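Remarks on the structure that follows.
The values are calculated or read from the model by the stated rules, or taken from the named source; none is laboratory data. Every value quoted in this text rests on a predicted model; they were computed, and no experiment measured them. Here the Cβ is made from the backbone with ideal geometry for all residues, glycine too, and neighbour counts use every protein chain on show.
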Amino acid sequence: MAVPLSGATLAGATLTLDLVALKENYCLLAKTAAGAITAAAVKADAYGLGVARVAPALQAAGCRIFFVAHAAEGRLLRRVLPEAVIYVLHGLANSGISSCIEHDLRPVLNRLAEVDIWARDGGGRPAALHVDTGMNRLGLDDAEAAALLAAPERLAFDLAFVMSHLACADIPDHPLNQVQCERFAAYGAALRQALGRPDLPLSLANSAGILLGPTYHFDLVRPGIALYGGNPWSARPNPMAPVVTLEGSVLQVRDVTPPATVGYAATYAPARTARIATVDVGYADGYPRALGGGRVMAELAGVRVPIVGRISMDTLALDVSALPPGAVGPGTAVTLLGGAVALDQLAELSGFSSYELLTALSHRYNRVYKE
Ligand SMILES: *Cc1c(COP(=O)(O)O)cnc(C)c1O
């Protein structure tokens, strides 16, 4: 997965992925959803954290079922976890049937046409069915879902479970949650009856859906972001352990006296002489350019200092005037994410979601996995 130019020798900054915290988060979610099976969403390289290390850690914590978006992601994951059950959320649309069969991946069938293809050519292998209940993104629409209910024999394969996806789970009071939950329960019950399978498993909840309560758990839950330390519900304290820490280091320190300015477009013009530290992380490292401009803090020697001016491709600037002279120099470590700089806080300040922040983190870091 890593690009050739990554690694300790070339990277200045360090991304630490705490696999112990990851496993704790899995166990907390599994406990919260006790009675249901807890799977894991590891699409997009496990939300940017590195699926080759994340998936085995989750497996060690008890996870047996994994969700990826693309069959190509499933193919990589299959090499890492030969025994795991792997579902491909994008179904057969992009990958075709052969790569699913070849790598023992189970498609999540999103259209009736895919149901028919799998019934005809899937050799009876297991697959999941996705019905849309209000997200209007993927899954059978109402007409297709009704057609399938009228002709359940079209599911001529090992149907492993039926799923749907919540549009507003992170907004607990949103009325669509209950609407989707009721629609899904009704459809699940009808399909169970039509198939004569009263135990056909049902799955609705992502991370935020798990916190909505047991009504939403059904038989299988599919958390992603909460495993990686993200707050499932933005408006409440985060119950998850932080997993990701991003540390850069200072390259150079200088005093900037008015009317001098800092960085591209001269956007930071300190009112008094300011001490500016240039740090070796920029937007090419996945630290979004939108986080510049003095709204976001970094932590340096235990002190929170603002990120000022525009973020460059390979560097950003801190105003470290609050620190005693001599406290900051080349090599001083700077925490840009983790510790006092919480992922959710960064998300809130930046206007990016925690999902975007994590998946944007590049491979130009020295990646350290804490076991
Ligand atoms: C990404 C995804 C999940 C996981 O969602 P989180 O909000 O990260 O917990 C679950 N189900 C589906 C269908 C998804 O696409």
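Let me confirm something: among Ser321, Ser354, Ser350, which residue is within 16 Å of the ligand (Cβ to nearest atom) and of a type in the set (Gly, Ala, Ser)? Give the derivation first.
Numbers: Ser321 fails: within 16 Å of the ligand (Cβ to nearest atom); Ser350 fails: within 16 Å of the ligand (Cβ to nearest atom).
On inspection, the qualifying residue turns out to be Ser354.
Determine if the stretch 21-43 includes at least one residue that is more than 29 Å from Pro214 (Cα to Cα) and either within 14 Å of the ligand (Cβ to nearest atom) or buried (at least 22 other Cβ atoms within 10 Å of the Cβ) (or both).
Residues of the stretch 21-43 more than 29 Å from Pro214 (Cα to Cα): none.
No - not one qualifying residue is present in the stretch 21-43.
Is it the case that some residue within the stretch 358-370 is in contact with a Ser or Thr (Cβ under 9 Å, 6 or more places away or on another chain), part of a helix (DSSP H, G or I) and within 16 Å of the ligand (Cβ to nearest atom)? Show your work before the answer.
Taking the stretch 358-370 and keeping what is in contact with a Ser or Thr (Cβ under 9 Å, 6 or more places away or on another chain), we get 362-370.
Checking the rest, the ones that are also part of a helix (DSSP H, G or I) come to none.
No: the stretch 358-370 contains no residue that is in contact with a Ser or Thr (Cβ under 9 Å, 6 or more places away or on another chain), part of a helix (DSSP H, G or I) and within 16 Å of the ligand (Cβ to nearest atom).
Filter the stretch 239-248 for residues that are surrounded by fewer than 24 Cβ atoms within 10 Å (Cβ to Cβ) and under 18 Å from Tyr47 (Cα atoms); which is nearest to the ligand (Cβ to nearest atom)?
Of everything passing the filter in the stretch 239-248, Met240 is nearest to the ligand (Cβ to nearest atom).
Out of all the residues in the stretch 150-208, which are among the polar types (S, T, N, Q) and either in a helix (DSSP H, G or I) or within 20 Å of Ser353 (Cβ to Cβ) (or both)? Before you say what the answer is, go through the steps one by one.
Of the stretch 150-208, the ones among the polar types (S, T, N, Q) are 164, 177-178, 180, 193, 203, 206-207.
If the condition is that a residue be among the polar types (S, T, N, Q) and either in a helix (DSSP H, G or I) or within 20 Å of Ser353 (Cβ to Cβ) (or both), then Asn177, Gln178, Gln180, Gln193, Asn206, Ser207 are the ones that fit.
Looking only at the stretch 251-265, decide whether some residue is of a type in the set (Ser, Thr, Tyr) and within 14 Å of the ligand (Cβ to nearest atom). Steps first, please.
Residues of the stretch 251-265 that are of a type in the set (Ser, Thr, Tyr), as a first pass: 257, 261, 264.
Keeping just the survivors that are within 14 Å of the ligand (Cβ to nearest atom) gives none.
Checked against the condition, which is being of a type in the set (Ser, Thr, Tyr) and within 14 Å of the ligand (Cβ to nearest atom), the stretch 251-265 yields no hits at all.
Taking the stretch 89-112 as the search range and keeping residues that are crowded, with 16+ Cβ neighbours inside 10 Å, of a type in the set (A, V, I, L, M) and under 19 Å from Leu140 (Cα atoms), which one is nearest to the ligand (Cβ to nearest atom)?
Going through the qualifying residues, I end up with Leu89.
Out of curiosity, is Arg111 farther than 30 Å from Thr215 by Cβ and free of Cβ contacts under 8 Å to residues at least 40 places away in the same chain? First the steps, then the outcome.
Details: farther than 30 Å from Thr215 by Cβ: no; free of Cβ contacts under 8 Å to residues at least 40 places away in the same chain: yes.
So Arg111 does not fit the description; no.
So which residues in the stretch 22-41 are out of contact with any strand residue (DSSP E or B) (no Cβ under 8 Å at 6 or more places or on another chain) and part of a helix (DSSP H, G or I)? Give the steps one after another, and end with the answer.
Restricting attention to the stretch 22-41, the residues satisfying the condition of being out of contact with any strand residue (DSSP E or B) (no Cβ under 8 Å at 6 or more places or on another chain) are 22-25, 27-28, 31-32, 34-35.
If the condition is that a residue be out of contact with any strand residue (DSSP E or B) (no Cβ under 8 Å at 6 or more places or on another chain) and part of a helix (DSSP H, G or I), then Leu22, Lys23, Glu24, Asn25, Cys27, Leu28, Lys31, Thr32 are the ones that fit.
What are the pairs with Cβ atoms under 6 angstrom where one residue, in the stretch 230-245, is under 13 Å from Leu346 (Cα atoms) and of a type in the set (A, V, I, L, M, F, W, C) and the other, located anywhere, is within 14 Å of the ligand (Cβ to nearest atom) and in a strand (DSSP E or B)? Sequence gap at least six, or different chains.
The qualifying pairs do not exist here.
I'd like to know if the stretch 134-149 contains one or more residues that are away from the ligand (no atom under 16 Å from the Cβ), outside any loop (DSSP other than H, G, I, E, B) and crowded, with 19+ Cβ neighbours inside 10 Å.
The answer is yes; a qualifying residue exists.
Out of everything in the stretch 329-371 that is at pLDDT 90 or above, polar (S, T, N, Q) and more than 18 Å from Ala208 (Cβ to Cβ), what residue ends up being surrounded by the fewest Cβ atoms within 10 Å (Cβ to Cβ)?
Only one residue tops the list, namely Asn366.
What's the number of the condition Ser312 fails, among (1) without any contact (Cβ under 8 Å) to a residue 60 or more places away in the chain; (2) buried (at least 20 other Cβ atoms within 10 Å of the Cβ)?
(2)
Is there a residue in the stretch 189-201 that is away from the ligand (no atom under 12 Å from the Cβ) and touching a Gly at 6+ places or on another chain (Cβ under 8 Å)?
Let us first name the residues in the stretch 189-201 that are away from the ligand (no atom under 12 Å from the Cβ), namely 189-201.
After this cut, where a residue has to be touching a Gly at 6+ places or on another chain (Cβ under 8 Å) as well, the list is 200.
Within the stretch 189-201 (the criterion being away from the ligand (no atom under 12 Å from the Cβ) and touching a Gly at 6+ places or on another chain (Cβ under 8 Å)), the answer is yes, since at least one residue qualifies.
Given the criterion within 14 Å of the ligand (Cβ to nearest atom), closer than 30 Å to Glu348 by Cβ and in contact (Cβ under 8 Å) with a residue 60 or more places away in the chain, identify the matching residue among Leu220, Leu227, Leu212. Before the answer, list the steps.
On the way: Leu220 fails: closer than 30 Å to Glu348 by Cβ; Leu212 fails: in contact (Cβ under 8 Å) with a residue 60 or more places away in the chain.
Only one candidate passes the filter, namely Leu227.
When you go through (1) under 19 Å from the mean Cα position of the chain (by Cα); (2) surrounded by fewer than 18 Cβ atoms within 10 Å (Cβ to Cβ); (3) farther than 30 Å from Leu148 by Cα; (4) not aliphatic (A, V, I, L, M) one by one for Arg79, which number turns out not to apply?
That leaves (1) as the condition not met.
Inspect all residues belonging to the stretch 65-88 and state whether any of them is away from the ligand (no atom under 16 Å from the Cβ) and touching a residue at least 60 places away in the same chain (Cβ under 8 Å).
Yes, that holds for at least one residue.
Does any residue in the stretch 44-55 that is farther than 20 Å from His90 by Cα come within less than 6 Å, Cβ to Cβ, of a residue that is in a helix (DSSP H, G or I) six or more places away or on a different chain, and which pairs are these?
Listed pairs, sorted by first residue: Ala52/Val80; Val54/Ala46.
Scan the stretch 295-304 and give yes if some residue there is surrounded by 14 or more Cβ atoms within 10 Å (Cβ to Cβ) and touching a helix residue (DSSP H, G or I) at 6+ places or on another chain (Cβ under 6 Å), otherwise no.
Among the residues of the stretch 295-304, at least one is surrounded by 14 or more Cβ atoms within 10 Å (Cβ to Cβ) and touching a helix residue (DSSP H, G or I) at 6+ places or on another chain (Cβ under 6 Å), which makes the answer yes.
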